[in-house]
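S.K.: Encoded as structure tokens, here's the structure I'll be asking about.
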Amino acid sequence: MSSVRERWKAGEATFGAWCTIPSSWTAEVAARSGHDWVCIDTQHGLIGYEVMLPMLQAVSAGGVPSFVRVPWNEPGSIMKALDAGAGGIIVPMINSVGEAQAAVDACRYPPEGTRSMGPIRAREVDGDWRRPICVVMIETVQAVDRADEILSVPGIDGVFVGPNDLAVSAGLDSSYEGSHPEHRRLIEAIARAARSNSVAAGIMCGSPEVAAQWHKLGFVMLGLQSDTRLLAAASKEIAARSRDLIGDS
């Protein structure tokens, strides 16, 4: 994961595939598709530990770094994903300095943290296994208000914006592009806090156009789209076009 860190520090955009389908094959396809990293989503995806492990193996076979978004800020889940070989962890719903510190503690070995020693697969496949990437998610109005304090916690490598949860927290309609001025203001505030704390800023984009928009504001960890949404959109399009061409309903 050191190459990802270096690219972020240089301000270079990195593009991520997002896996929500519990399949090692779709994970490998994502890893071989030209993305810079792959996230296995065990929070909102349909993926449990027994499937996550072969998916991590498939991403390794595809030759790109892996992240796991854990279900919650819970040490056991974080440590098991890291021991299984995840190169980085994305921790959802971080709302305070204490919660940010807990996430870092679970990712770091003593004396920097409290992670238990047992990197069963990690030490075999990842030269950086002693220092995985720790990314916290800011996705509520309350967290934005404390973003500078949260991101000042030592050991945080990146912050990832959940634009939909952030919109819901503000009582707004969700959108990847921050179409409402207040939604955009909140996202821009996170980017400023990341910049002032030398932390990489990331966000889920949904499209290349939105990714380009946010990169201009300093976001470098750009999640493009989930496998489920890609499959649904492509399936809907091909079925609709076929009906239009053939004319039968």
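S.K.: Looking only at the stretch 70-99, count how many residues are assigned to a helix (DSSP H, G or I) and farther than 20 Å from T20 by Cβ.
M.R.: Count: 8.
S.K.: Collect the residues in the stretch 194-211 that are farther than 11 Å from G158 by Cα and either small (G, A, S) or not in a helix (DSSP H, G or I) (or both), keeping them in residue-number order.
M.R.: Answer for the stretch 194-211, where residues must be farther than 11 Å from G158 by Cα and either small (G, A, S) or not in a helix (DSSP H, G or I) (or both): S196, M204, C205, G206, S207, A211.
S.K.: Any residue at all in the stretch 178-196 that is touching a Phe, Trp or Tyr at 6+ places or on another chain (Cβ under 8 Å), touching a residue at least 24 places away in the same chain (Cβ under 8 Å) and either β-branched (V, I, T) or under 27 Å from R32 (Cβ atoms) (or both)?
M.R.: Within the stretch 178-196 (the criterion being touching a Phe, Trp or Tyr at 6+ places or on another chain (Cβ under 8 Å), touching a residue at least 24 places away in the same chain (Cβ under 8 Å) and either β-branched (V, I, T) or under 27 Å from R32 (Cβ atoms) (or both)), the answer is yes, since at least one residue qualifies.
S.K.: Let me ask another. Would a scan of the stretch 186-195 turn up a residue that is of a type in the set (D, E), modelled with pLDDT of 95 or more and over 16 Å from N73 (Cβ atoms)?
M.R.: Yes; the residues of the stretch 186-195 include at least one that is of a type in the set (D, E), modelled with pLDDT of 95 or more and over 16 Å from N73 (Cβ atoms).
S.K.: Assuming T26 fulfils every condition listed in (1) more than 26 Å from D105 (Cα to Cα); (2) without any contact (Cβ under 8 Å) to a residue 40 or more places away in the chain; (3) hydroxyl-bearing (S, T, Y); (4) in a helix (DSSP H, G or I) apart from one, which condition is it?
M.R.: T26 satisfies all of (1) more than 26 Å from D105 (Cα to Cα); (2) without any contact (Cβ under 8 Å) to a residue 40 or more places away in the chain; (3) hydroxyl-bearing (S, T, Y); (4) in a helix (DSSP H, G or I) except (2).
S.K.: Take the residues in the stretch 71-83 that are farther than 18 Å from M1 by Cα and under 17 Å from the mean Cα position of the chain (by Cα); name whichever of them is surrounded by the fewest Cβ atoms within 10 Å (Cβ to Cβ).
M.R.: W72
S.K.: Then there is this: Within the stretch 84-99, restricting attention to residues that are buried (at least 19 other Cβ atoms within 10 Å of the Cβ) and of a type outside the set (V, I, T), which residue is nearest to P71 (Cα to Cα)?
M.R.: Looking at residues that are buried (at least 19 other Cβ atoms within 10 Å of the Cβ) and of a type outside the set (V, I, T), I get P92.
S.K.: Somewhere in the stretch 37-44, is a residue at pLDDT 95 or above, in a strand (DSSP E or B) and acidic (D, E)?
M.R.: Yes, because at least one residue in the stretch 37-44 is at pLDDT 95 or above, in a strand (DSSP E or B) and acidic (D, E).
S.K.: For the stretch 212-233, which residues satisfy the criterion of being more than 14 Å from F15 (Cβ to Cβ), in contact (Cβ under 8 Å) with a residue 40 or more places away in the chain and assigned to a helix (DSSP H, G or I)?
M.R.: The answer is D227, T228, L231.
S.K.: Which of the residues that make up the stretch 45-66 are touching a Pro at 6+ places or on another chain (Cβ under 9 Å) and either surrounded by 23 or more Cβ atoms within 10 Å (Cβ to Cβ) or not in a helix (DSSP H, G or I) (or both)?
M.R.: Listed by number, the residues that qualify are G45, L46, I47, G48, M52, M55, V59.
S.K.: Does the stretch 5-27 include one or more residues that are buried (at least 23 other Cβ atoms within 10 Å of the Cβ), of a type in the set (G, A, S) and within 30 Å of R146 (Cβ to Cβ)?
M.R.: Checked the stretch 5-27: at least one residue is buried (at least 23 other Cβ atoms within 10 Å of the Cβ), of a type in the set (G, A, S) and within 30 Å of R146 (Cβ to Cβ).
S.K.: Quick check on A102: is it under 20 Å from D36 (Cα atoms), in contact with a Pro (Cβ under 9 Å, 6 or more places away or on another chain) and not hydroxyl-bearing (S, T, Y)?
M.R.: No, not satisfied.
The values are calculated or read from the model by the stated rules, or taken from the named source; none is laboratory data. Nothing here was measured: the structure is a model prediction, and the numbers come from that model. Cβ coordinates were reconstructed from backbone atoms using ideal geometry, including for glycine residues, and neighbour counts include every protein chain displayed.
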